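Written below as structure tokens is the structure these notes are about.
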Amino acid sequence: MISVTMTIAGSDSGGGAGIQADLKTFQELKTFGTSSITALTAQNTLGVQDVFPVEASFIVKQINAILEDFDVKAIKTGMLFSSTIIREVSNRLKDTKIPLIIDPVMIAKGGATLLQSDAIDAMIQDLFPIATIITPNIPEAEAISGIAIKSEDDLQLAAQKLLSFGPQVVILKGGHLSDESEAIDRVYFQDGTTLNFTAKRLPTKDTHGTGCTFSAAITAFIARGFSIEDAISEAKKYIHAAISHGLNLGHGHGPTNHFAYNDHVNKEMVSNG
Ligand SMILES: Nc1ncnc2c1ncn2[C@@H]1O[C@H](COP(=O)(O)OP(=O)(O)OP(=O)(O)O)[C@@H](O)[C@H]1O
Ligand SMILES: Cc1ncc(COP(=O)(O)O)c(N)n1
């Protein structure tokens, strides 16, 4: 039977990030995607024009509607916007035993605020302790850990600080520290294990929604029963293919190509049904 996935995130009217990127990823990865929308954004590849948050109680109503009806196998969160939303969402999810992937979205590529600055504490106190995986990029890891990351040692320190907030796994994405020619994601587990997932850094401006897509792909693979390590490895292939086969849409930071994984990487999955 098909696995059900859920995203709790903001809508991107331009279709490249947020809920839209998550649902496209869930679909391409053969899961049944559901969603609780936390905010509407008027947005395109050039930036975010405005944000209209949904009332926290209505976000929880959407989550209830999904959880009361479906056997959800994995959940991800994206743009959560405020401390009130984070608290209500955490409170609703804390007693479910469903794997939870947190993409701590803070600032859009164009610079717009997607998380109010006073909401970081709520994330640390309420959401991280119940998280299976958190997926900060370097600026997000710096803001959350309070550690400026300028070296490999700083990365380790920041990762340890983030692990101390309670998630089972921390993925520090990207990182421009060692070699500009590579996009390295560093993965830290509570037992001290660390893994690096490395891919060639692709020279493109069209990376709108890459973080959303990567975390949604991890969520889909976990929903389908992959181990955490295999889910990350396969999600890295999904996002790399999506960036490499860009669609050249819009006039700013364009979206990535969700068809690319099945068209170019995973031919067996398509031909085997
Ligand atoms: N130019 C690139 N070439 C190859 N891989 C990339 C490139 N940019 C990002 N990635 C990969 O995409 C994934 C998402 O990372 P990224 O750092 O873009 O997240 P993010 O900054 O949180 O994204 P977003 O701003 O969309 O939330 C990671 O696996 C990262 O290594
Ligand atoms: C609704 C929403 N969620 C997340 C992002 C982050 O994506 P990016 O950093 O690529 O702009 C976004 N722009 N909009």
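The values are calculated or read from the model by the stated rules, or taken from the named source; none is laboratory data. Because the structure is predicted, anything quoted here is derived from the model rather than measured. Glycine gets a Cβ as well: all are built from the backbone with ideal geometry, and neighbour counts include every protein chain shown.
What number of residues in the range 28-61 are without any contact (Cβ under 8 Å) to a residue 24 or more places away in the chain and closer than 27 Å to N262 by Cα? Adding up the residues that qualify gives 0.
Do you know which of the residues in the range 1-40 that are under 14 Å from the mean Cα position of the chain (by Cα) and hydrophobic (A, V, I, L, M, F, W, C) is nearest to G252 (Cα to Cα)? Checking each candidate, the answer is A17.
Can you tell me which residue within the range 198-242, out of those that are of a type in the set (A, V, I, L, M) and surrounded by fewer than 23 Cβ atoms within 10 Å (Cβ to Cβ), is nearest to ligand 1 (Cβ to nearest atom)? Ranking the candidates gives L202 first. Select from the range 128-143 the residues that are within 16 Å of ligand 1 (Cβ to nearest atom) and either under 12 Å from the mean Cα position of the chain (by Cα) or assigned to a helix (DSSP H, G or I) (or both) and list them in ascending order. Result: I133, I134, T135, P136, N137, I138, P139, E140, A141, E142, A143.
Which members of the range 40-60 meet the condition of being within 23 Å of L247 (Cα to Cα) and in a loop (DSSP other than H, G, I, E, B)? Of everything in the range 40-60, those that are within 23 Å of L247 (Cα to Cα) and in a loop (DSSP other than H, G, I, E, B) turn out to be T45, L46.
Here G166, G174 are screened, and the one residue that is in contact with a helix residue (DSSP H, G or I) (Cβ under 7 Å, 6 or more places away or on another chain), under 20 Å from G209 (Cβ atoms), without any contact (Cβ under 8 Å) to a residue 40 or more places away in the chain and surrounded by fewer than 21 Cβ atoms within 10 Å (Cβ to Cβ) is G174.
With respect to L67, determine if the residue is at pLDDT 95 or above, within 15 Å of the chain's Cα centre (by Cα) and more than 13 Å from ligand 2 (Cβ to nearest atom). No.
Okay, residues lined up against (1) under 15 Å from the mean Cα position of the chain (by Cα); (2) at pLDDT 95 or above; (3) of a type in the set (K, R):
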position	(1), (2), (3)
D179	no, no, no
V187	yes, yes, no
K205	no, no, yes
T213	yes, yes, no
S227	no, yes, no
A235	yes, yes, no
S244	no, yes, no
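Scanning the range 116-145 for residues that are in contact (Cβ under 8 Å) with a residue 40 or more places away in the chain, among the polar types (S, T, N, Q) and within 16 Å of ligand 2 (Cβ to nearest atom) yields a count of 2.
So which residues in the range 149-177 are more than 10 Å from ligand 1 (Cβ to nearest atom), at pLDDT 95 or above and hydrophobic (A, V, I, L, M, F, W, C)? Within the range 149-177, L157, A158, A159, L162, L163, F165, V169, V170 qualify.
Residues in the range 77-114 that are within 16 Å of ligand 1 (Cβ to nearest atom), buried (at least 23 other Cβ atoms within 10 Å of the Cβ) and either free of Cβ contacts under 8 Å to residues at least 60 places away in the same chain or among the basic types (K, R) (or both): P104 alone. For the range 1-39, the tally of residues that are among the small types (G, A, S) and more than 10 Å from ligand 2 (Cβ to nearest atom) stands at 5.
Checking each residue in the range 40-54 for being within 10 Å of ligand 2 (Cβ to nearest atom), within 18 Å of S82 (Cβ to Cβ) and surrounded by fewer than 21 Cβ atoms within 10 Å (Cβ to Cβ) picks out L40, V51.
Test E28 against the stated conditions and say whether it is charged (D, E, K, R), farther than 26 Å from I124 by Cβ and buried (at least 17 other Cβ atoms within 10 Å of the Cβ). Yes, satisfied. If you check I37, I63, I2, I19 for being surrounded by fewer than 20 Cβ atoms within 10 Å (Cβ to Cβ) and either among the basic types (K, R) or not in a strand (DSSP E or B) (or both), only one passes: I2.
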